[in-house]
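Peer 1: Structure in structure tokens, see below.
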Amino acid sequence: MRFVDEATITVRSGKGGRGCVSFRREKFIPRGGPDGGDGGDGGSVLVRASSRLHSLYDFRLKRLYQAENGHPGEGAQRQGRKGEDLVLDLPVGTQVYVLEKEKRGVLLCDLAGEGDMEVVARGGRGGKGNEHFKSSTQRAPRFAQPGEPGEDRALGLELKILADCGLLGLPNAGKSTFISRISAARPKIAAYPFTTLQPNLGVVLDEENPDRRMVIADIPGLVEGAHCGCGLGHRFLRHLERTRFLVHLLSFADISPEDPFAGFALLNAELALFAPELARRPQIEVINKMDLADADLLAGLRARAEAGGRKVHFISALRGEGLEPVLAEMWRLRAELAEQAPLGVFSGGISPPE
């Protein structure tokens, strides 16, 4: 299934059933009073977070979702049946927005945890039957209320991946090779920029404790100007917002002798412009493709990093060299930040009826 992280849908809650106009007619009771029952409420539309789903692809195929209407009331004070609610399962990490003139409006809810559920369109109330309108001056009302209409809403769905670690780097930094080395993920790998065009998830299991795992998100490479959309950067950057820490990869091919660590600063500036909280997220700095450097250059880079107070790991993801210290540091941060809540969690929904 193709990974899709944005979709636009229309939801319609059910309208309320109409109230009934009816009079009691029984033997020996020729002039029974009104006994029309109420209509049933319309069904509501709800969204629910499910870990079984990892993409919004299905919502690109079907755009309209409608709950059942309420059933009309009947005589003998029988109330109409309530319309069935419609529950839409969405991937964990999906944010639901109201669309106003095809632009993103109010954030309705943020489905940040498994089983989170919110009402996004409430069903209309059922109309009252004529038994409610009898009075001393009007003993035989021949009218009832119609049901209230349901809500019709255009919604924007945006998926932000939830992961313990996010892989950050320029195009062709070797992030896909890295995640394929430390997890069972098998992303597309090639020796040219922008091989990865959609986020990939990998899971690393702790060898000492198989029940403990770490989820890693490999997002496409970022370029200068990513915070304002260059190279689809704004779409990719949002997948880092739900991560606890970042592994920042820089390729030896992108290092300049004058300022070898400028690549780290470039993308850190993009993070700060996109979301200041991201720039403050804990980072593990990694220089990849050390197989491209000779021993003297590698020693010089290690010395410059140490002199500048930077803790930089040097690896060759292609050869599988230097990965264990990086993994150890990732597990350390995973344990240290285990209780940290995801960034930007919103708990909301529409207000209950008065």
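The values are calculated or read from the model by the stated rules, or taken from the named source; none is laboratory data. What you see is a predicted model; the values in this text were computed from it and never measured. Cβ coordinates were reconstructed from backbone atoms using ideal geometry, including for glycine residues, and neighbour counts include every protein chain displayed.
Peer 1: Please verify whether the range 283-293 includes one or more residues that are in a loop (DSSP other than H, G, I, E, B) and either in contact with a Leu (Cβ under 6 Å, 6 or more places away or on another chain) or at pLDDT below 90 (or both).
Peer 2: yes
Peer 1: Can you tell me which residue among 22, 51, 13, 44 is at pLDDT below 90, among the hydroxyl-bearing types (Ser, Thr, Tyr) and either in the same structural domain as residue 135 (by TED's automatic domain parsing) or within 30 Å of residue 162 (Cβ to Cβ) (or both)? Can you show your working first?
Peer 2: Details: 22 fails: at pLDDT below 90; 13 fails: at pLDDT below 90; 44 fails: at pLDDT below 90.
Checking each option against the conditions leaves just 51.
Peer 1: List, please: which pairs have Cβ atoms under 6 Å, are six or more places apart or on different chains, and start with a residue in the range 109-120 that is touching a residue at least 60 places away in the same chain (Cβ under 8 Å) and end with one that is basic (Lys, Arg) and surrounded by fewer than 17 Cβ atoms within 10 Å (Cβ to Cβ)?
Peer 2: So the pair list comes out as 117/48.
Peer 1: Exactly one of (1) in a loop (DSSP other than H, G, I, E, B); (2) under 21 Å from residue 9 (Cβ atoms); (3) touching a Ser or Thr at 6+ places or on another chain (Cβ under 9 Å); (4) without any contact (Cβ under 8 Å) to a residue 60 or more places away in the chain is unmet by residue 76. Its number?
Peer 2: All conditions pass for residue 76, except number (2).
Peer 1: Let me ask something else. On the basis of being within 30 Å of residue 93 (Cβ to Cβ), part of a helix (DSSP H, G or I) and not aromatic (Phe, Trp, Tyr), does residue 48 make the cut? If you could, list the steps in order and put the result at the bottom.
Peer 2: Values: within 30 Å of residue 93 (Cβ to Cβ): yes; part of a helix (DSSP H, G or I): no; not aromatic (Phe, Trp, Tyr): yes.
No: the conditions fail for residue 48.
Peer 1: Sticking with this one: List the number of the failed condition for residue 246; all other conditions in (1) crowded, with 19+ Cβ neighbours inside 10 Å; (2) out of contact with any Pro (no Cβ under 8 Å at 6 or more places or on another chain) hold.
Peer 2: (2)
Peer 1: Give the range 296-323 a look and list any residue that's of a type outside the set (Gly, Ala, Ser) and assigned to a loop (DSSP other than H, G, I, E, B), or say none.
Peer 2: Selection gives 310, 311, 315, 318, 319.
Peer 1: Considering only residues that are farther than 20 Å from residue 282 by Cβ and of a type in the set (A, V, I, L, M), look in the range 294-314 and name the one that is modelled with the highest pLDDT.
Peer 2: Among those residues, the one meeting the criterion is 303.
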